[in-house]
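The values are calculated or read from the model by the stated rules, or taken from the named source; none is laboratory data. Keep in mind that what you see is a predicted model, and the values were worked out from it rather than measured. Quick reminder, even Gly has a Cβ in these numbers, built from the backbone with ideal geometry, and neighbours come from all protein chains shown. Just so you know, the surface numbers come from the protein's heavy atoms only, side chains and all, with ligands and any DNA or RNA stripped out. Shrake-Rupley method; radii C 1.70, N 1.55, O 1.52, S 1.80 Å.
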There are 2 protein chains.
Amino acid sequence: MSPGPLHTFGELLTAARSDSPPRMAVAAAAESAVIDAATHAMRERLVRPIFIGSCDRIRRLADEMQISLDDVELIEAPDPVVASALAVRLVYEGQADLVMKGLVRTKNFVRAVLNHEFGLRRGRAMSHVGVFESPDRSRLMLLTDSGINIRPRFSRKVEIVRNAVELAHALGIAEPKVAVIAAVETVELPTMPATLDAELLRRMGQAGHFGPCIVDGPLAMDNALDARTAEVKGRGSPVAGHADIIVVPEIETGNAVYKTIRYLAGRDLAGLLVGATGPVVVTSRSDSPESKLYSIALGALMSRA
Amino acid sequence: MSPGPLHTFGELLTAARSDSPPRMAVAAAAESAVIDAATHAMRERLVRPIFIGSCDRIRRLADEMQISLDDVELIEAPDPVVASALAVRLVYEGQADLVMKGLVRTKNFVRAVLNHEFGLRRGRAMSHVGVFESPDRSRLMLLTDSGINIRPRFSRKVEIVRNAVELAHALGIAEPKVAVIAAVETVELPTMPATLDAELLRRMGQAGHFGPCIVDGPLAMDNALDARTAEVKGRGSPVAGHADIIVVPEIETGNAVYKTIRYLAGRDLAGLLVGATGPVVVTSRSDSPESKLYSIALGALMSRA
């Protein structure tokens, strides 16, 4: 039974709430912002957290914030690298359903996620997906990749699209519309190789390579975001103005757009690492409490997909 | 006498108004949106337009829109390429102070601007600068280059920064703070060459190469846009959170950010081509009437700098 697409973060929270929430292993949990976010999500019935780190320090921090840890499982592992390995292993062994990064360097955390022995590899690249509400707040939109893949070559872009389409399906978007972004709307070689990648991704989409979805590109960002521009420009694309997924050519674009949405449009974003065998939640210190909650909700929902 | 920095588009309009406005040559003016924007700017006392194109067609279109051309000079040149050359030549010969693109392909228009015989070359690359109001609308911010230079190498980036600093000075920003954007805040080689360019531009700024300004980089977009993030991240930069100029690494980033500001943040942007001997106004069909007015005001102001 598909619940139909989720249109807002509010609907995302509702859909992710559960009477038996998924178990979330938190690697290196001894940081107040992490404890706050994870227990907030627990009270919202999004996840059952398992805190891995220095238990003493976790208890002291929780105490200072007057947060109860009664329903939280604690596992002692003061070293962040060891804590990351343990957290990932819990998911690998089926004792947790998703994993969240705490006070550990992203590099070390991702290394644990990808380790060959008990990591969450799936024979596919991992990528970051940011989720935000569309300009008119009528639907959720996905932005990828703004965090992991620096300058992905074509084969990697294929996996990035596949990962995002999978997440869109988990969000109830039956046939996501994928806009592959460039600075222009036509293939320009040799000056703009991103436009050729976009054209090729479009063809692969047409050939059914990504399953149920509609891929179009190259599209400039206005065409992806704005239905009226799409009309004026006369691109005649089913994706233009109605994109569910925005695929950027490299990390500089993704990162800058993500942060423009956050700090200039003043919008919340949720984020998730996808492409592994389980959802991986990575929040940033500067994320708002709402953003962190939405990110965990996204992971929780994805863990059930 | 410097009027101090302009903080908003409203202040920009006020500063650009004049009792003897600069003369703006409009290349291939026979398009209703162009006629509308230029005569609107004329009524606002920003410019005195000179329309170059098919005079019959210009008159008919103005008639349909009930716009008076009494104070507009008309020059017959039905061919858009010829009209562009004529418009540029007027600036070259000192009979106009700035030039605006009408219904002519950007490529052909820019070719006219850059022609060797009577073009507006200045021994320096041209670049596009977008102007928008800061997140809290407390100041004008510049974004460059989102329209001309595709993947500028370092020497070109130097000219892009110089062009933007010059425009910032014309806007009354005595010592503009320049944020050179990357996806991260440290130099990462060989994976992220944009970070090295940013570091080198910072050093050139320190050495006084760009005149009065403060250059910092690499900075991620949140650090450029948001003072609180800058504090949390502890970058300790005078530019972080207070950037006047945002320099992006390549056109994909600039273009996508520009359009995210426009279509997701719902903000107006003004745009200008700089680096020539006179300001070059290029508006897009999908720009709002306000944006077009601000762009012309920017050109008018720059023509007096």
Could you check how much of the accessible area of the range B:198-305 is carbon and sulfur, as a whole percent, using a 1.4 Å probe? 47 percent
Below 8 Å, C-alpha to C-alpha, sequence gap of six or more: please give me the relative contact order for chain B in percent. 22 percent
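Given axes a ≥ b ≥ c from the Cα gyration tensor, I'd like to know whether the range A:40-111 is rounded (a/c under 1.5), prolate (a/b larger than b/c) or oblate.
Numbers: a/c = 1.86, a/b = 1.28, b/c = 1.46.
Verdict is oblate for the range A:40-111.
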Could you pull out every one of the lysines with an alpha carbon less than 26 Å from that of A:Lys233, ignoring same-chain neighbours closer than 8 positions? A:Lys177, B:Lys101, B:Lys107, B:Lys259, B:Lys292
The range A:123-176 to the range B:49-66: how many Å between their Cα centroids? 48 Å
Are there trypsin sites (Lys or Arg not before Pro) in the range B:184-239 that DSSP puts in a loop and that have at most 11 other Cβ atoms within 10 Å, and which ones? none
What is the sum of charges, Lys and Arg at +1 and Asp and Glu at -1, for the other residues whose Cβ falls under 9 Å from the Cβ of B:Val178? 0
Net charge within 9 Å of B:Ser291 by Cβ-Cβ distance, Lys/Arg positive one each and Asp/Glu negative one each, not counting B:Ser291 itself? -1
Among rounded, prolate and oblate, which fits the range A:1-151 when a ≥ b ≥ c are the square roots of the eigenvalues of its C-alpha gyration tensor, a/c under 1.5 means rounded, and a/b larger than b/c means prolate? oblate
B:Leu46, B:Leu90, ranked by accessible area, largest first (probe 1.4 Å): B:Leu90, B:Leu46
Please identify, among A:Ala220, A:Ala28, A:Ala164, the residue showing maximal mean-square fluctuation in a Gaussian network model of chain A using a 10 angstrom Cα cutoff. A:Ala220
Please identify, among B:Thr195, B:Thr106, B:Thr283, the residue showing maximal mean-square fluctuation in a Gaussian network model of chain B using a 10 angstrom Cα cutoff. B:Thr106
Is the range B:164-269 best put as rounded, prolate or oblate by its Cα gyration tensor, with a ≥ b ≥ c the root eigenvalues, rounded for a/c under 1.5, and otherwise prolate when a/b is larger than b/c, oblate when not? rounded
Hey, for B:Asn115 with labels 7 Å out along Cα-Cβ, what do the inter-copy distances come to in nm, ordered shortest first? 6.9
In Å², rounded to a whole number, the accessible area per residue of the range B:203-281 with probe 1.4 Å is 29 Å²
Please compute the Kirkwood hydrodynamic radius of chain A from all pairs of different C-alpha atoms, in Å with one decimal. 19.6 Å
Taking a point 7 Å out from Cα toward Cβ as the label site, list the nm distances between A:Gln206 and the same residue in every other copy, smallest first. 5.2
On a C-alpha basis, how far is the centre of the range A:27-42 from the centre of the range B:196-235 in Å? Whole number, if you could? 32 Å
Regression test value, accessible area per residue of the range B:1-157, probe 1.4 Å, units Å², expected 47 Å²
GNM on chain B, C-alpha springs below 10 Å: top fluctuator among B:Ala15, B:Ala27, B:Ala87? B:Ala15
In peptide B:242-252, how many Cβ atoms from other protein chains are near each Cβ within 10 Å, on average? 4
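Please give the FRET efficiency for A:Arg151 paired with B:Glu73, using the beta carbon to beta carbon distance and R0 = 35 Å, rounded to the nearest 0.05. Spell out each step's value before the answer.
Working: r = 50 Å, r/R0 = 1.43.
The value I calculate is 0.10.
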Quick one: with label points 7 Å out along Cα→Cβ, list the inter-copy distances for B:Ser18 in nm, shortest first? 6.7
Leaving out ligands, DNA and RNA, calculate the buried accessible area for the pair B and A with a 1.4 Å probe, summed over both sides, in Å² to the nearest 100. 3100 Å²
Take the solvent-accessible surface of the protein heavy atoms, probe 1.4 Å, and return the percent of it on the range B:61-176 that carbon and sulfur atoms account for. 46 percent
Length-normalised contact order for the range A:204-275 - Cα pairs under 8 Å, 6+ apart - percent: 18 percent
Which GluC sites (Glu not before Pro) in the range A:112-165 pass both tests, a DSSP loop state and at most 15 other beta-carbon atoms within 10 Å? A:Glu117
